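Step one of this worksheet: look at the structure below.
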Amino acid sequence: MRYFELFSIPVNYDVDLQEIGARYLELQRAAHPDRHSGGSEREKLLAVQKTAEINDALQTLKHPLKRAEYMLAELGLELRGEQQTLQDPMFLMQQMELREELEEVKTSSDPDAAIAKLEQHIKELNSEYSNELQSLLASQEENDWHKAADNVRKLKFVYKLKDELERIEDELCDD
């Protein structure tokens, strides 16, 4: 079963999370193993499998990166678990600059301002790459799907950078 179809929503990168949440509750109520406790072992097993599938679909659809990776996999481009690096020199330079900025947060005379500045930069990049991803995933052109895959790779870096900044912020708060 395809996840968008399972949740009865259009295949789109931009989803309504409230609609997904409401649909999830409906699907779980209908498929929950307790509703099949009087059934055969096969029916019970199928109910458990369906519940697991619904949970997997929810986790995929509610997270932008997982959703984009899933959409690309459905188009024949498997990114989940890949270790490929992006071969974009401009982005590689940007990565180095962002990593330097991240390191400077630790030694900044005003770490709060440095954190706020980097958080804003991360937010802008996330928005830029997500907006591009939205239009690329909506395209019918295979070349655009490959560009979308590169955008996913860029977003993975942005998410990782955000996590690292949060870790540094926690460390600074503990000191």
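Just a few scattered comments:
- Breaking point among (1) touching a Leu at 6+ places or on another chain (Cβ under 7 Å); (2) part of a helix (DSSP H, G or I); (3) not hydroxyl-bearing (Ser, Thr, Tyr), for GLU169: (1)
- For the residues LEU125, LEU155, the requirement of being under 30 Å from GLU74 (Cβ atoms) and either without any contact (Cβ under 8 Å) to a residue 60 or more places away in the chain or basic (Lys, Arg) (or both) singles out LEU125.
- Within the stretch 14-36, being in contact with a Lys or Arg (Cβ under 7 Å, 6 or more places away or on another chain) and either open to solvent by 40 Å² or more (accessible area, probe 1.4 Å) or at pLDDT below 95 (or both) holds for LEU17, ALA31, PRO33, HIS36.
- ALA47 being touching a residue at least 12 places away in the same chain (Cβ under 8 Å), farther than 28 Å from LEU75 by Cα and open to solvent by less than 80 Å² (accessible area, probe 1.4 Å): yes
- Residue check for ARG80: of a type in the set (Lys, Arg), at pLDDT below 90 and either open to solvent by less than 50 Å² (accessible area, probe 1.4 Å) or assigned to a helix (DSSP H, G or I) (or both): no
- Selection of the stretch 83-107 for residues being open to solvent by 40 Å² or more (accessible area, probe 1.4 Å) and not in a helix (DSSP H, G or I) yields GLN83, GLN84, THR85, GLN87, ASP88.
- Flag if LEU133 is part of a helix (DSSP H, G or I), over 30 Å from TYR3 (Cα atoms), aliphatic (A, V, I, L, M) and touching a residue at least 24 places away in the same chain (Cβ under 8 Å): no
- Residue in the stretch 84-91 that is within 26 Å of the chain's Cα centre (by Cα), under 23 Å from GLN140 (Cα atoms), aromatic (Phe, Trp, Tyr) and at pLDDT 85 or above present: no
- Qualifying residues in the stretch 108-118 (those that are assigned to a helix (DSSP H, G or I) and open to solvent by 100 Å² or more (accessible area, probe 1.4 Å)) - the one farthest from LEU161 (Cα to Cα): ASP112
- Qualifying residue in the stretch 127-143 (condition: open to solvent by 30 Å² or more (accessible area, probe 1.4 Å), within 30 Å of ALA31 (Cα to Cα) and in contact with a Phe, Trp or Tyr (Cβ under 7 Å, 6 or more places away or on another chain)): no
- Residue within the stretch 152-175 that is hydroxyl-bearing (Ser, Thr, Tyr) and at pLDDT below 95 present: no
The values are calculated or read from the model by the stated rules, or taken from the named source; none is laboratory data. On a predicted model such as this, the values are computed, not experimentally measured, just so you know. Neighbour counts run over all protein chains shown; Cβ positions are idealised from the backbone, glycine included. These area figures cover heavy atoms from the full protein model, side chains too; ligands, DNA and RNA do not enter into them. Shrake-Rupley method; radii C 1.70, N 1.55, O 1.52, S 1.80 Å.
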